[in-house]
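In what follows, a structure is listed as structure tokens, so that the remarks can point back to it.
The values are calculated or read from the model by the stated rules, or taken from the named source; none is laboratory data. Everything numeric here is computed off the predicted structure, so don't read it as measured data. Here the Cβ positions follow ideal geometry from the backbone for every residue, glycine too, while neighbour counts run over all protein chains shown.
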């Protein structure tokens, strides 16, 4: 594969957890979970420009990101492991809110790996990118694989799923949530009964619950307010992941009231496949 000069307007989509059950805890402290991760059409936009030598830069086009964010860590590790002589400028237009439970940072890291693999002409197959992605974060392999998935273990076991097309309203309040605080909480339910893919498939958009939600409502009052906002309008809301964003499946002609000032609301459709799924050979 030839070395390219630039790749612009590269998407990094968000995900929703349709449910999230905690089924146990390993001796090392990691929680065992079951979930379904679903891609949606709310995304960050990244731009990649080739730079000479080993120079790696990041340019923030919207909000200021941490200096050592996941996309920069992804770029450095891919550069190091591949031995490439190339560098890159990574420009990030951040649209997915942070601490929302929507995987924005992990998605940016996956898009960075896919894009630099292409920009630098490395031509690594998926099997070489997946271990690097897992080192960066448990959600990164999901975005690299690019398919909606049944997820279990500590997030490393992925089984592709087909989901019916649907529309969702996603509401992100001002406050975010620290994942570590939720998982350390003594009141967190950690003994949900294991479910099967067949259980979920029988009623995909109403199955299960988010076991983190009860703790999150106590730690972050705006989660409670978000759930109430949806419920007052007749929808069945649920928190996604371990962040403060709340979502509900809606009909195509839904009219929603305005959310509180300063909160972000997005009407989204689910995606059947990641828009960059064809950027890497799938040998796993």
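The one condition from (1) under 15 Å from residue 22 (Cβ atoms); (2) in contact with a strand residue (DSSP E or B) (Cβ under 7 Å, 6 or more places away or on another chain); (3) buried (at least 17 other Cβ atoms within 10 Å of the Cβ) that residue 215 does not meet is (2). When residue 63 is tested against the conditions (1) within 19 Å of the chain's Cα centre (by Cα); (2) on the phi < 0 side of the Ramachandran plot; (3) crowded, with 16+ Cβ neighbours inside 10 Å, the lone failure is (3). Considering 116, 136, which residue is under 27 Å from residue 264 (Cβ atoms) and in the same structural domain as residue 26 (by TED's automatic domain parsing)? Step by step, each of 116, 136 is checked, and only 136 is under 27 Å from residue 264 (Cβ atoms) and in the same structural domain as residue 26 (by TED's automatic domain parsing). Put simply, of 137, 133, 146, 121 the only residue that is surrounded by fewer than 22 Cβ atoms within 10 Å (Cβ to Cβ), in contact with a helix residue (DSSP H, G or I) (Cβ under 7 Å, 6 or more places away or on another chain) and under 22 Å from residue 45 (Cα atoms) is 137.
Residues are listed down the side, and each one gets a yes or a no for (1) free of Cβ contacts under 8 Å to residues at least 40 places away in the same chain; (2) out of contact with any strand residue (DSSP E or B) (no Cβ under 7 Å at 6 or more places or on another chain); (3) under 17 Å from residue 42 (Cβ atoms):
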| position | (1), (2), (3) |
| --- | --- |
| 225 | no, yes, no |
| 240 | no, no, yes |
| 253 | yes, yes, no |
| 262 | no, yes, no |
| 272 | no, yes, yes |
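Here is a yes/no grid of residues against (1) surrounded by 14 or more Cβ atoms within 10 Å (Cβ to Cβ); (2) not in a helix (DSSP H, G or I):
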{"residue": "226", "(1), (2)": "yes, no"}
{"residue": "234", "(1), (2)": "no, yes"}
{"residue": "247", "(1), (2)": "yes, yes"}
{"residue": "253", "(1), (2)": "no, yes"}
{"residue": "261", "(1), (2)": "no, yes"}
